[in-house]
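*Asks:* Got a structure for you, questions after.
The values are calculated or read from the model by the stated rules, or taken from the named source; none is laboratory data. Just so it is clear, the model here is predicted, and its values are computed rather than measured. Every residue, glycine as well, gets a Cβ built from its backbone with ideal geometry; the counts of neighbours run over all protein chains shown. Heavy atoms of the whole protein, side chains included, go into the accessibility calculation; ligands, DNA and RNA do not. Shrake-Rupley method; radii C 1.70, N 1.55, O 1.52, S 1.80 Å.
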Number of protein chains: 2
Amino acid sequence: MGTTQLESVPEPKYWHLRTVLSEALDSEFSVGEILPNERDLAARFGVARATLRQALEQLELEGRLQRRRGVGTTVAPPRVGVSVGTEQHAWPGTVGDDWQPADCRLEAASASVADALEIRHDELVHTVRRSRVTHGQPVAAELLYVPQSSVPALPAIDAPSGAARARAVLRELQRLELEGQDNAVELGSARADDAKQLDRLPGAPVLVVTTRFLTAGRTAALSVATYRADTCRLTFGDSGGVEIHQAPERRAS
Amino acid sequence: MGTTQLESVPEPKYWHLRTVLSEALDSEFSVGEILPNERDLAARFGVARATLRQALEQLELEGRLQRRRGVGTTVAPPRVGVSVGTEQHAWPGTVGDDWQPADCRLEAASASVADALEIRHDELVHTVRRSRVTHGQPVAAELLYVPQSSVPALPAIDAPSGAARARAVLRELQRLELEGQDNAVELGSARADDAKQLDRLPGAPVLVVTTRFLTAGRTAALSVATYRADTCRLTFGDSGGVEIHQAPERRAS
DNA sequence: GAGTGGTCTAGACCACAGG
DNA sequence: CTGTGGTCTAGACCACTCA
């Protein structure tokens, strides 16, 4: 990071700074390396700390940097590709997936969940919490909604709640014939509980994957999975498991 | 938006403010309505304008608000669902898709594009620019990379560049047999040119969809499509065109 | 020209990690 | 304890839209 001056240009300082830093990351830093702290960097480029932070935020959003309070700013490794919906005709909880059931509660559906499941707004749904871990890092938190009517044979007091109960619900689900599923992806911000599970601050950008599991013309279950947007690249493999290996396209200006 | 005071809580002010505003949006505002300006809102909640803006940024990221310089802040309509990869065994440019070819140039591939296409780094590729319009709004900008070797029969001087040339490349591509494709989705920020095409500022959050088109064991084309993250929900329909109609799950804390 | 959101500054204090 | 990033303030000026 040779230069110390920012020439006067019509484009915003933070954006220009982002570009300069991005190039410096490519050429002068390696993965895991720690950057100078924000106050030093701001002074070095002759800008206010807030302006520098705006540039760093961009780079963090793009998965180039990782910032941790009390520690520092480090160069992030390339995003990990996590496959979504590849197990296309498989229920959640099928052996071999890397989801880990954490909890299960039986509660009333929220309005939007009830709509998606096409059930009455007061019907109870099993709400299974799972988390997905890849390469030792938590990448996603999921809420899986299973209406009582989808698993009528579930033993009543097998276990009142907890991971064991979650596994029982998933087991029951697999007895149904899965006809299809549809996925949607959108940008969101982490709720406080998801954020904790993902080791991020509340409001961190996440990719929300909503999956409906269809069976016999109705929606048997609804999954809302929250992926860390900074570290994840979601892959939808439609071509028999071919994997993309190279780094993602750089989005630099 | 009745209250004027923010009680002291352990959570950040901007986050609490986001929640308060989000609830106000649900109950007291309708789509398209204009909010009070930022200076007034900040005063009303007793915070600095920067803090208020942090809350507004969150809500804009979540697709709840739309801000336009010189105009104001309005309540955004629900995100539009745009299907991606539903035309699963179809080449880009097939009749019926809502992409509009804009330009085509023949240039050397960048390193990452060449890697994805598995070609030499100095091979020339046709670079087709297209834009996608839904409901009258631009939702995506795409760069489609087609190596010369994928369309060897392309008439040499059909048209040197421009939309006509783009259509010619797409036409040639459709003569190949498409074996499959794989998609990846990740978060990015809009480059200056994409931003202009999408009617956003540089750095705006976008969902980057990377698609490889496979034929006879090799990658015949690569598409990098940039969707507005604030207004779009990407749908991956694997279930025969069933559509999700209800509003997305609210990500409120 | 008046009013909006977008950028930027120079400070302050807080929450957290680590020695 | 020190050092880090996270939050917050109270200003200023700029770029843009629209009447």
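*Asks:* So for the range A:81-92 (the condition being within 14 Å of DNA strand C (Cβ to nearest atom), part of a loop (DSSP other than H, G, I, E, B), surrounded by fewer than 19 Cβ atoms within 10 Å (Cβ to Cβ) and aliphatic (A, V, I, L, M)), does at least one residue qualify? Outline the logic, then answer.
*Replies:* First, the residues of the range A:81-92 that are within 14 Å of DNA strand C (Cβ to nearest atom): none.
There is no residue in the range A:81-92 that is within 14 Å of DNA strand C (Cβ to nearest atom), part of a loop (DSSP other than H, G, I, E, B), surrounded by fewer than 19 Cβ atoms within 10 Å (Cβ to Cβ) and aliphatic (A, V, I, L, M).
*Asks:* Kindly indicate whether any position in the range B:205-212 is outside any strand (DSSP E or B) and open to solvent by 10 Å² or more (accessible area, probe 1.4 Å).
*Replies:* Checking the range B:205-212: not a single residue is outside any strand (DSSP E or B) and open to solvent by 10 Å² or more (accessible area, probe 1.4 Å).
*Asks:* Could you tell me which of the residues B:Pro78, B:Pro147 is touching a residue at least 40 places away in the same chain (Cβ under 8 Å) and touching a helix residue (DSSP H, G or I) at 6+ places or on another chain (Cβ under 6 Å)?
*Replies:* Selected residue: B:Pro147, the only one of B:Pro78, B:Pro147 that is touching a residue at least 40 places away in the same chain (Cβ under 8 Å) and touching a helix residue (DSSP H, G or I) at 6+ places or on another chain (Cβ under 6 Å).
*Asks:* Would you mention how many residues in the range B:63-74 are touching a helix residue (DSSP H, G or I) at 6+ places or on another chain (Cβ under 8 Å) and closer than 17 Å to B:Ala229 by Cβ?
*Replies:* Result for the range B:63-74: 4.
*Asks:* Which one is nearest to DNA strand C (Cβ to nearest atom), of the residues in the range B:40-80 that are within 11 Å of chain A (Cβ to nearest Cβ) and either in a loop (DSSP other than H, G, I, E, B) or open to solvent by 50 Å² or more (accessible area, probe 1.4 Å) (or both)?
*Replies:* The selected residue is B:Ala50.
*Asks:* Moving to a separate point now. Quick one: which residue in B:Ala184, B:Ala153, B:Ala247, B:Ala159 is modelled with pLDDT under 90 and either in a helix (DSSP H, G or I) or within 7 Å of chain A (Cβ to nearest Cβ) (or both)?
*Replies:* B:Ala247
*Asks:* Another one. Which number in (1) open to solvent by less than 10 Å² (accessible area, probe 1.4 Å); (2) part of a helix (DSSP H, G or I) marks the one condition that B:Arg171 misses?
*Replies:* The single condition B:Arg171 does not satisfy is (1).
*Asks:* Keeping to the range A:19-39, report how many residues are without any contact (Cβ under 8 Å) to a residue 24 or more places away in the chain, within 14 Å of DNA strand D (Cβ to nearest atom) and open to solvent by 70 Å² or more (accessible area, probe 1.4 Å).
*Replies:* 1
*Asks:* If you scan the range B:110-126, which residues turn out to be out of contact with any Phe, Trp or Tyr (no Cβ under 6 Å at 6 or more places or on another chain) and under 15 Å from B:Leu173 (Cβ atoms)? If you could, list the steps in order and put the result at the bottom.
*Replies:* Within the range B:110-126, the first condition is being out of contact with any Phe, Trp or Tyr (no Cβ under 6 Å at 6 or more places or on another chain), and the residues that meet it are B:110-112, B:114-124, B:126.
Residues satisfying the conditions are B:Leu117, B:His126.
*Asks:* Within the range B:119-133, work out how many residues are more than 23 Å from the chain's Cα centre (by Cα) and more than 12 Å from B:Tyr145 (Cα to Cα).
*Replies:* Going residue by residue through the range B:119-133, those that are more than 23 Å from the chain's Cα centre (by Cα) are B:119-125.
Remaining after also requiring more than 12 Å from B:Tyr145 (Cα to Cα): B:120-122.
Total satisfying the criteria: 3.
*Asks:* Quick check on my filter: what residues within the range A:189-207 are facing another protein chain (nearest Cβ under 7 Å) and under 19 Å from A:Val84 (Cβ atoms)?
*Replies:* If the condition is that a residue be facing another protein chain (nearest Cβ under 7 Å) and under 19 Å from A:Val84 (Cβ atoms), then A:Pro205, A:Leu207 are the ones that fit.
*Asks:* Determine if the range B:114-134 includes at least one residue that is touching a residue at least 24 places away in the same chain (Cβ under 8 Å), in a helix (DSSP H, G or I) and within 14 Å of B:Ala220 (Cβ to Cβ).
*Replies:* There is at least one residue in the range B:114-134 that is touching a residue at least 24 places away in the same chain (Cβ under 8 Å), in a helix (DSSP H, G or I) and within 14 Å of B:Ala220 (Cβ to Cβ).
Yes/no matrix, rows are residues, columns are (1) basic (Lys, Arg); (2) within 30 Å of A:Val224 (Cβ to Cβ):
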{"site": "B:Gln197", "(1), (2)": "no, no"}
{"site": "B:Gly203", "(1), (2)": "no, yes"}
{"site": "B:Ala220", "(1), (2)": "no, no"}
{"site": "B:Arg233", "(1), (2)": "yes, yes"}
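*Asks:* Take the residues of the range A:72-95 that are of a type in the set (A, V, I, L, M, F, W, C) and within 16 Å of DNA strand D (Cβ to nearest atom): which is nearest to the chain's Cα centre (by Cα)?
*Replies:* Result: A:Ala76.
*Asks:* Of the conditions (1) over 27 Å from the mean Cα position of the chain (by Cα); (2) within 8 Å of DNA strand C (Cβ to nearest atom); (3) buried (at least 17 other Cβ atoms within 10 Å of the Cβ), B:Lys13 fails just one. Which one is it?
*Replies:* Status for B:Lys13: all satisfied but (2).
*Asks:* Quick check on my filter: what residues within the range B:179-196 are more than 19 Å from A:Asn183 (Cα to Cα) and surrounded by 18 or more Cβ atoms within 10 Å (Cβ to Cβ)?
*Replies:* B:Gly188, B:Ser189, B:Ala190, B:Arg191, B:Asp194, B:Ala195
Rundown of residues vs (1) under 15 Å from B:Phe213 (Cα atoms); (2) open to solvent by 30 Å² or more (accessible area, probe 1.4 Å); (3) among the hydroxyl-bearing types (Ser, Thr, Tyr), yes/no style:
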position	(1), (2), (3)
B:His135	no, yes, no
B:Leu143	yes, no, no
B:Val146	yes, no, no
B:Gly162	no, no, no
B:Arg167	no, yes, no
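*Asks:* Could we say that B:Asp98 is away from DNA strand C (no atom under 16 Å from the Cβ) and within 18 Å of the chain's Cα centre (by Cα) here?
*Replies:* So B:Asp98 passes the test.
*Asks:* When you scan the range B:58-71, how many residues do you find that are within 19 Å of B:Val31 (Cα to Cα) and either within 11 Å of DNA strand D (Cβ to nearest atom) or assigned by TED's automatic domain parsing to the domain that holds B:Ala204 (or both)?
*Replies:* 4
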